[in-house]
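Single-structure report; data block below.
The values are calculated or read from the model by the stated rules, or taken from the named source; none is laboratory data. All values derive from a computational prediction rather than experimental measurement. For neighbour counting, all protein chains shown are included, and Cβ atoms are generated from backbone atoms with ideal geometry for every residue, glycine included.
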Amino acid sequence: MRPKFCDMNAQPHLVSIRSRSPSSRILLRSPIHSDAYSLLARVHDPECTTYLPHLRNPRNPITLASNQKNIKAWRAESGLTGLFLVIVLLPSASDTLSGIVDPEGPGATIGDTGFGPLDLKTKTAELGIMLNSGPAIRGRGFAVEALELCFAYGFEKLDLEVIELGTDKDNIPMRSLLEKKLGLTAAWREEKDDWCFSATKLWWADRQAWKGSAKLELEVEETVLDEAEVKTVDAA
């Protein structure tokens, strides 16, 4: 494993991202093979895809096999043109939430997030998030916690300048979260028929300064993807 926050020399790399705060409840990590099960459950949950028409009515059926294929592709592009991440409950948080079981992974996966596309040359990225449905997860602040981890990693470690979040015009809950919890302002994108919230490096620096001693400090591990795995994706 390479040192934390090192130059990965334009190679795909897997990451694990969490806050150093003892009150942290989640970590973000690159997907693994077994995450295909929880991904499939989310895209087949109408509550998760209400405002995501491309998942609600996909061109091709979303299956366990297609998710496993996507995971291979996401790992091969990780940190280069995209950064797909799953949201994992830490043990302390898992103990306080009943009925959350993910037998396929090392921890309970409660959603996914990340950058796609990611353009390191223009220092821009688009960010999205999807959480499991149900009262055990929704409305408990997990979305804000996950997005802030992404902002910190994007602005402080990837040196991005702008991170955009596109939101369906009818997705009032997400718009409210971004406006009221994060203080972002939306602009209408006619070409995509959605609202776009733009977060900038300056906005993030101001937010960190406003938090003072409670500002978010990251703990990150990065590992270069094995070359043999990259070759299997290229050959597919």
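For this structure, a couple of remarks:
- Being more than 15 Å from the chain's Cα centre (by Cα), modelled with pLDDT of 95 or more and outside any helix (DSSP H, G or I) is a property that does not hold for THR113.
- Candidate set: segment 27-42, residues that are of a type in the set (Gly, Ala, Ser) and within 12 Å of ASP112 (Cβ to Cβ); chosen: the one surrounded by the fewest Cβ atoms within 10 Å (Cβ to Cβ): ALA41
- Pairs are defined by a Cβ separation below 6 Å, a sequence spacing of at least 6 or placement on different chains, a first member in segment 25-53 that is within 20 Å of MET174 (Cα to Cα), and a second member that is of a type in the set (Lys, Arg); the pairs so defined are CYS48/ARG42; THR49/ARG56.
- Some residue of segment 179-193 being more than 19 Å from the chain's Cα centre (by Cα) and among the aromatic types (Phe, Trp, Tyr): yes
- Criterion: under 19 Å from ARG18 (Cβ atoms), without any contact (Cβ under 8 Å) to a residue 40 or more places away in the chain and not hydrophobic (A, V, I, L, M, F, W, C) - qualifying residue of GLY116, GLY154: GLY154
- Against the test of being assigned to a loop (DSSP other than H, G, I, E, B), surrounded by fewer than 20 Cβ atoms within 10 Å (Cβ to Cβ) and small (Gly, Ala, Ser), the options SER24, SER16 yield a single qualifying residue, SER24.
- Note on segment 170-236: enclosed helices (runs of 4 or more DSSP H) holding 2 or more residues that are closer than 30 Å to HIS13 by Cβ and of a type in the set (Val, Ile, Thr) are 227-235.
- Segment 172-204, subset touching a helix residue (DSSP H, G or I) at 6+ places or on another chain (Cβ under 8 Å) and small (Gly, Ala, Ser), residue surrounded by the most Cβ atoms within 10 Å (Cβ to Cβ): ALA199
Table: residues versus (1) modelled with pLDDT under 95; (2) of a type outside the set (S, T, N, Q); (3) surrounded by fewer than 18 Cβ atoms within 10 Å (Cβ to Cβ).
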| site | (1), (2), (3) |
| --- | --- |
| ASN70 | no, no, yes |
| SER78 | no, no, no |
| PHE84 | no, yes, no |
| LEU90 | yes, yes, yes |
| LEU97 | yes, yes, yes |
| GLU104 | yes, yes, yes |
| THR122 | no, no, yes |
| ALA125 | no, yes, no |
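- Number of positions in segment 207-236 that are basic (Lys, Arg), surrounded by fewer than 16 Cβ atoms within 10 Å (Cβ to Cβ) and under 18 Å from ALA146 (Cβ atoms): 2
- If you go through segment 131-171 and keep only what is surrounded by fewer than 20 Cβ atoms within 10 Å (Cβ to Cβ) and either under 21 Å from HIS54 (Cβ atoms) or in contact with a Cys (Cβ under 7 Å, 6 or more places away or on another chain) (or both), you end up with SER133, GLU164, GLY166, ASP168, LYS169, ASP170, ASN171.
- Residues located in segment 133-172, provided they are among the polar types (S, T, N, Q) and modelled with pLDDT under 95: SER133
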